[in-house]
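What follows is a short report on a single structure.
Please treat every number below as a calculation from the coordinates, not as lab data. Quantities reported herein were computed from a predicted structural model and do not represent experimental measurements. No Cβ is skipped: glycine too gets one built from the backbone with ideal geometry, and neighbour counts run over all protein chains shown.
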Amino acid sequence: MLTKDKLKEVFDLYYEALVMYANRFLESKAECEDLVQDVLVTMWESNNSFSDDISIKVYLYKAVRNKCYNVIKHQKVKIKYQESTIKSLDDDNLFLNQILEEEVVRQLYIAIEKLPVRKKEIIKLSLKGLRNIEISERLGIKLQTVKTLKSQSYNILREEFKDLSAIIYFLLIN
């Protein structure tokens, strides 16, 4: 276990060298400084015991290298996400499909709000992922009643969306 005095000694002895080492992998010196501080804090909190100064040195350099590697991996993930986001923003077809999808969902919720109270409750619970038996238990009604009201609700919604489905089909093929 490191004492405060030993940690201060390790900090004074290795901090600058570790920051320079991290700076080989990462561009930002401030990021390197933060990273090295994190490594030193982790070493302090871990209560590891080190047999000699060489094992401390090996631990520190490996920990800094591993942290740098994790930062670089995270940066790659962020870059890949940004590239895919830019691609999707550039893709007009995807843009139109997203708008269409959002509009259909919006219209669905408007149609659900027009349903009678009990049917509306059942459909909303169903959309939350509850099964029929769970809905019947939650609402205190028979399972068959749930099935019947759900079926009737779907028929109403299908009727409401029959014209919309023709419009969607037309938009998708053009």
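Of note:
- Least to most buried among ASP5, ASP38 (fewest other Cβ within 10 Å first): ASP5, ASP38
- One decimal place: the segment GLN144-ASP5 gains 42.7 nm when fully extended, by the rule 0.36 nm per residue minus the C-alpha distance.
- Pairs exceeding a 26 Å alpha-carbon distance, out of LYS8/LYS78; LYS4/LYS62; LYS78/LYS124; LYS142/LYS162: LYS8/LYS78; LYS78/LYS124; LYS142/LYS162.
- Ranking of THR85, THR148 by count of other Cβ atoms within 10 Å, fewest first: THR85, THR148
- Only one item in [x] -0.82; [y] -0.75; [z] -0.57 matches log10 I(q)/I(0) by the Debye sum over Cα atoms at q = 0.13 Å⁻¹ derived from the coordinates shown, and that item is [y].
- The sum of -39500 (n - 2.57) across all DSSP H runs of n ≥ 4, divided by the residue count of the chain, sets its helix-only mean residue ellipticity at 222 nm to -29500 deg cm²/dmol.
- Span-like helix ranges in the chain, DSSP H, alpha carbon extent 24 angstrom or more, Kyte mean at least 0.0: 92-114, 143-173
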